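Participant: Pasting a structure here, questions to come.
The values are calculated or read from the model by the stated rules, or taken from the named source; none is laboratory data. Predicted model, so just to flag it, every value in this text is computed and none were measured. Every residue, glycine as well, gets a Cβ built from its backbone with ideal geometry; the counts of neighbours run over all protein chains shown.
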Amino acid sequence: MSYRTAIRALLFAALLAAPLVSACASAPAFLPEPRTLVIRSGARLTVGDVERMQTVYNEVDRQLRNIELDPGFLIGTRPDPRDVYPWETLEITADTAWVAYSRTHPDLTSPYQIYAHLHLMRRLGRLDEWLPEVAEAEGWPLEQAIMARVTDAWLLGRAFYDFAPYELMDEFIYASEAGWLDAFLLELRRNEFAEAHAAWLAANPQAQENFRAWYRETFDKTPPGV
């Protein structure tokens, strides 16, 4: 079930009949009760800060509306037979961005669209509308902020809208909620962000060992980079 379907089916039965809430107004708390997540290893995750997730919902909905309604660009998605991370298939040409998702997991469509949208907004000089704190950033700081937004979007879908499990993205939400999102990204993409990876290790020599211990305990498998 996509965000758009979930939003329309579960949240906006009343709101769709009324004018949209203005960007300056406080959004009402429409989120359903979160469910506890359990992955294959048995590790459980419960969303405690529902107020934060309301903010995530507001941003996800605002962004998806922009993707759907703004005629100034195009975000395209296509199913892929492989399991792929969003950055592995991103293609940007002029005002158009394409990204692929695993064809057996259509719930990925909206989070992957958000990934492509944010990168396209950076290319078009419009990222200040969505992530003003990194509007001029490149490289690691940009990817760090974008993947944090995408991870929150996936957590919203998994915990509140019954999105189907998907191991690649589920690992991101577990890492994020445990405070290991940056470490996970840097270990996964250590060659791409070699300088940032080295700085991370230099700042805390025990960080890699601690992250890998957490990863093994949580997912019951070998950590990336080992």
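Participant: Report every pair of residues separated by at least 6 positions or lying on different chains whose Cβ atoms are under 8 Å apart, first residue within the range 104-116 and farther than 16 Å from ARG82 by Cβ, second part of a loop (DSSP other than H, G, I, E, B).
Facilitator: Partner pairs satisfying both residue conditions: ASP107/MET1; ASP107/SER2; ASP107/PHE163; ASP107/ALA164; ASP107/TYR166; SER110/SER2; TYR115/LEU90; ALA116/LEU90.
Participant: Do we find a residue being out of contact with any strand residue (DSSP E or B) (no Cβ under 7 Å at 6 or more places or on another chain), modelled with pLDDT under 95 and under 23 Å from MET53 (Cβ atoms) anywhere in the range 134-150?
Facilitator: no
Participant: Could you run through the range 184-209 and say how many residues are under 22 Å from LEU168 (Cα atoms), of a type in the set (S, T, N, Q) and either in contact with a Ser or Thr (Cβ under 9 Å, 6 or more places away or on another chain) or surrounded by fewer than 16 Cβ atoms within 10 Å (Cβ to Cβ) (or both)?
Facilitator: Of the residues in the range 184-209, 1 are under 22 Å from LEU168 (Cα atoms), of a type in the set (S, T, N, Q) and either in contact with a Ser or Thr (Cβ under 9 Å, 6 or more places away or on another chain) or surrounded by fewer than 16 Cβ atoms within 10 Å (Cβ to Cβ) (or both).
Participant: When the residues of the range 94-103 are narrowed to those that are touching a residue at least 12 places away in the same chain (Cβ under 8 Å) and hydrophobic (A, V, I, L, M, F, W, C), which ends up surrounded by the fewest Cβ atoms within 10 Å (Cβ to Cβ)?
Facilitator: If we filter the range 94-103 for residues that are touching a residue at least 12 places away in the same chain (Cβ under 8 Å), which is where we start, we get 95-103.
Still in the list and also hydrophobic (A, V, I, L, M, F, W, C): 97-100.
On the way: ALA97: 25, TRP98: 16, VAL99: 28, ALA100: 21.
Top of the filtered list is TRP98.
Participant: Same structure again: Of all residues in the range 46-93, which are without any contact (Cβ under 8 Å) to a residue 12 or more places away in the chain and of a type in the set (Gly, Ala, Ser)?
Facilitator: GLY48
Participant: From the list GLU33, GLU68, which one is closer than 23 Å to TYR161 by Cα, exposed (fewer than 12 other Cβ atoms within 10 Å of the Cβ), more than 19 Å from the chain's Cα centre (by Cα) and acidic (Asp, Glu)? Reasoning before the result, please.
Facilitator: Numbers: GLU68 fails: more than 19 Å from the chain's Cα centre (by Cα).
Just a single option satisfies the conditions, and that option is GLU33.
Participant: When only residues in the range 163-183 that are touching a residue at least 40 places away in the same chain (Cβ under 8 Å) and out of contact with any helix residue (DSSP H, G or I) (no Cβ under 8 Å at 6 or more places or on another chain) count, which is surrounded by the most Cβ atoms within 10 Å (Cβ to Cβ)?
Facilitator: LEU168
Participant: Follow-up. Name the residues in the range 210-226 that are surrounded by 14 or more Cβ atoms within 10 Å (Cβ to Cβ) and without any contact (Cβ under 8 Å) to a residue 60 or more places away in the chain, would you?
Facilitator: Filtering the range 210-226 down to residues surrounded by 14 or more Cβ atoms within 10 Å (Cβ to Cβ) leaves 211-212, 214-216, 218-219, 223-225.
Of everything in the range 210-226, those that are surrounded by 14 or more Cβ atoms within 10 Å (Cβ to Cβ) and without any contact (Cβ under 8 Å) to a residue 60 or more places away in the chain turn out to be PHE211, ARG212, TRP214, TYR215, ARG216, PRO223, PRO224, GLY225.
Participant: Test each condition in (1) surrounded by 16 or more Cβ atoms within 10 Å (Cβ to Cβ); (2) closer than 27 Å to GLY179 by Cβ for LEU120 and report the one that comes out false.
Facilitator: Here LEU120 meets the rest and fails (2).
Participant: Only one residue in TRP130, TRP140 is surrounded by 19 or more Cβ atoms within 10 Å (Cβ to Cβ), touching a residue at least 40 places away in the same chain (Cβ under 8 Å) and more than 18 Å from ILE75 (Cβ to Cβ), so which one is that? Before the answer, list the steps.
Facilitator: Details: TRP130 fails: more than 18 Å from ILE75 (Cβ to Cβ).
Testing whether each residue is surrounded by 19 or more Cβ atoms within 10 Å (Cβ to Cβ), touching a residue at least 40 places away in the same chain (Cβ under 8 Å) and more than 18 Å from ILE75 (Cβ to Cβ) leaves just TRP140.
Participant: Is there a residue being in contact with a His (Cβ under 8 Å, 6 or more places away or on another chain) and over 24 Å from ASP162 (Cα atoms) anywhere in the range 94-111? Write out each step before concluding.
Facilitator: Applying the first criterion (in contact with a His (Cβ under 8 Å, 6 or more places away or on another chain)) to the range 94-111 yields 97.
Okay, now just the ones that are also over 24 Å from ASP162 (Cα atoms), so 97.
There is at least one residue in the range 94-111 that is in contact with a His (Cβ under 8 Å, 6 or more places away or on another chain) and over 24 Å from ASP162 (Cα atoms).
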